[in-house]
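These notes concern the structure reproduced below.
The values are calculated or read from the model by the stated rules, or taken from the named source; none is laboratory data. Being a predicted model, the structure only gives us computed values, none of them experimental. In this analysis, Cβ positions are derived from the backbone assuming ideal geometry, glycine residues included, and neighbour counts consider all displayed protein chains.
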Amino acid sequence: MDRRSMAGVGERVPSDCWPGPRGWGVPVVVPFPYGLGPEQLAPKNNPRVHFGRTPGEINSLFHERGDPMKSRTIVLMMALCTLGLAVSFAAENPNMGTWKLNEAKSKIPAGAGKNETVVYSAEANDMIKVTTDGVDGSGKPAHSEWTGKFDGKPYPVTGSDSSDSRTYTAKGERTLDVVNTKGGKTVATGKVEVAKDGKTRTVDIDGTSADGKKYKAKYEYDKQ
């Protein structure tokens, strides 16, 4: 039998058994077969292998030892990836960003409030936050915040006297249906539509003023 075939896995082949550029005499090491780990290659399981190392020493060649800092780094990376996904999801929605009211192009009847600035921002768990600043129907400063999803379900509104809950329902990529409620009753419905170029946004609202009068309003916004 050829002496090369007698060599064990990982065993140093005698220098007189392998031809080199100058003939026989170049020492080689037979490579590990795929799928075998250090325990299978350790001397206690394979007496033909000669590493001169213990199983633990062999294992250290294959795997890094436990490192608390490395574990914390992995957890941090996972958290950043999750946040990245949320941001990526929100970035795909054309409503995201800051919008400023263009009063010259808007049609706002007397007694109707107006949001002069509207900001859509990404939150954790695929949530979106909508922050509005403007004035109410009587001209007093108004600020509201809403955090939720565009999934057709109601989420609470804070800071507003006219509504305590709002529902957004996505209708395609650029359109949202909106319903504002207070005390379980609908006080306003509307549609939000972003232009194809993403630079302008129109909000059509059918609402009820503080004194109980019905109104229709059209708000035009410019992307900042």
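Among the residues of the range 138-148, the ones that are buried (at least 16 other Cβ atoms within 10 Å of the Cβ) and over 16 Å from V203 (Cβ atoms) come to 2 in all.
Here's the yes/no breakdown for (1) more than 23 Å from T208 (Cβ to Cβ); (2) modelled with pLDDT under 95; (3) buried (at least 16 other Cβ atoms within 10 Å of the Cβ):
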| site | (1), (2), (3) |
| --- | --- |
| K105 | yes, no, no |
| G113 | no, yes, yes |
| E116 | no, no, yes |
| A122 | yes, no, yes |
| G152 | no, no, no |
| V157 | no, no, yes |
| T169 | no, no, no |
| D177 | no, no, no |
| T181 | no, no, yes |
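When the range 195-215 is filtered for residues that are closer than 16 Å to P109 by Cα and either exposed (fewer than 11 other Cβ atoms within 10 Å of the Cβ) or of a type in the set (D, E, K, R) (or both), the ones remaining, listed by number, are D204, D206, D211, G212, K213, K214.
Is it the case that E173 is at pLDDT 95 or above and acidic (D, E)? I'd like the intermediate steps shown before the answer.
Values: at pLDDT 95 or above: no; acidic (D, E): yes.
The answer is no for E173.
Residues that are touching a Ser or Thr at 6+ places or on another chain (Cβ under 6 Å), at pLDDT 95 or above, over 23 Å from K213 (Cβ atoms) and among the aliphatic types (A, V, I, L, M) do not occur anywhere in the range 129-139.
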